[in-house]
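Here, each number is a calculation from the coordinates, and none is a lab measurement. This is a predicted model, so every value here is computed, not measured. Note that we place each Cβ from the backbone using ideal geometry, even for glycine, and neighbour counts take in every protein chain shown.
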Amino acid sequence: MKKKAISVILSLTMVAAMVAGCGNKTEETSAPQETEAEAPAETPAEAEDTTGGEEADATEGEAAPAGNADLADKKVGVCIYQFSDNFMTLFRTELQNYLVSLGFSADNITISDGANDQATQTGQIDNFITAGVDVLIINPVNSSSAETITDKVVAAGIPLVYINREPDEDEEARWEENNWDVTYVGCDARQSGTFQGELIGDLGLETIDKNGNGKIDYIMVEGDPENIDAQYRTEFSVKALTDAGFEVNCLTDQVGNWAQDQAQQIVANALGQYGNDVEVVFCNNDAMALGALQAIDAAGRKVGEDIYLVGVDALSEALENVISGTMTGTVFNDHFSQSHSAADAAVNYLTGAGNDHYIGCDYVKVTQDNAQEILDMVQ
Ligand code: GAL
């Protein structure tokens with residue numbers, strides 16, 4: 001992962017447990033969260049209810065791909081890296097609803113929780129293969145496991161749609177070269193990082209530079225370091241600032257694993273250590289921005305007055321904060337578009353229509369001006 005070269009003079013009084021220069025990141029321990037791993041049922045007919053008990057209903061305004069008459073009998077296996085992830089909860093709920101709206105039977109859709117453990121998820125994939133699912137939609141725990149996953153799924157003759165965690169270029173090249181029924185659906189995380197940087201840069205140095213050193217002094221809270229979304233958001237948020245001619249100063253860059261509680265701790269420590277020099281808090285997602293906001297509040301700082309805070313995803317709570325000014329902005333990570341494209345891609349494999357090996361989508365920059373509009377859409 002590329003880190004910006006930063007001239008950070010680390011204080012000698014730095015708290016040891018907190019040590020993390022921007023090129024020397026400290027990883028918070030990431031105990032898998034509370035959700036229990038469940039192997040998929042022997043037969044996909046015993047689908048978990050992932051809709052919180054609500055009836056799955058049709059999603060408006062989406063044209064179903066042609067040839068969906070036989071979908072009711074098709075079995076879909078879905079692997080999610082971790083159910084307790086807020087964004088992936090929105091994604092899987094919409095995916096389930098949309099699959100049903102296309103004609104799949106809810107009983108034939110099985111969604112399993114990888115509990116942030118690749119071995120658990122690999123066992124679930126094996127079970128899906130044994131159960132003879134017709135198509136697999138996989139949000140891998142580790143993108144680096146994609147080659148192994150692809151090999152076993154292709155060998156079983158099952159089409160595969162990866163979502164959210166993009167496998168690397170070499171892996172994607174294999175799908176093309178071998179003409180396998182494998183694709184990836186997701187947005188380009190570089191765009192979300194760039195939007196985050198622009199949200200800050202658009203405020204202007206006069207506004208941001210409270211300590212008057214001529215630089216934007218920031219802290220970075222990263223998601224899972226193995227994840228390309230975290231890598232690109234970290235890199236491109238800062239790049240947008242330097243490309244726009246700002247000087248930047250990274251005070252600390254730490255891993256919060258997409259989790260609110262970890263980010264809250266990281267930002268509390270950073271505010272304790274760097275005090276009023278912290279002008280900007282970049283979080284790779286909104287869950288962590290919400291944790292950062294708790295720490296900012298506890299430190300008596302005020303977003304929009306003496307500190308600026310951005311996230312990504314456009315969770316409802318984050319949008320409410322953007323509307324009220326307690327977050328500077330966020331970036332809408334369009335789970336509607338991504339889940340619908342993933343389901344459509346699954347149908348295209350089942351009907352023989354096939355797919356490109358990469359299916360993209362766009363992020364949307366969210367400020368106080370359009371936050372209500374996005375909130376109305378996601379609620
Ligand atoms: C990102 C999202 C994060 C987290 C992550 C999981 O796209 O912004 O909140 O859900 O995916 O891989």
Next on the checklist: Suppose a student asked you for the relative contact order of the stretch 147-264, using Cα pairs under 8 Å spaced at least 6 residues apart; what percent would you report?
Outcome noted: 25
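Once you have the alpha carbon radius of gyration of the stretch 321-379, what is it after dividing by 2.2 N^0.38 Å, with N set to its residue count?
Output field value: 1.52.
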Checklist entry - Mean separation of Cα pairs under 8 Å and 6+ residues apart, divided by the residue count of the stretch 310-379: what relative contact order is that in percent? => result 44
Item to check | Flagged links, alpha-carbon separation over 30 Å, of K75/K365; K215/K365; K152/K365; K210/K365 | outcome: K75/K365; K152/K365
Item to check | For the stretch 208-258 versus the stretch 328-379, the gap between their alpha-carbon centres in whole angstrom | outcome: 25
Next on the checklist: Rounded to the nearest angstrom and ordered from largest down, what semi-axes does the equivalent ellipsoid of the stretch 234-379 get from its C-alpha gyration tensor (root of 5λ)?
Outcome noted: 33, 17, 15
Checklist entry - For D261 and Q368 in one chain, what is 0.36 nm times their gap in residues minus the Cα-Cα distance, to one decimal in nm? => result 36.0 nm
Checklist entry - Which of the peptides 192-202, 176-186 is most tightly packed, and how do the rest follow, going by the mean number of other Cβ atoms within 10 Å of each residue? => result 192-202, 176-186
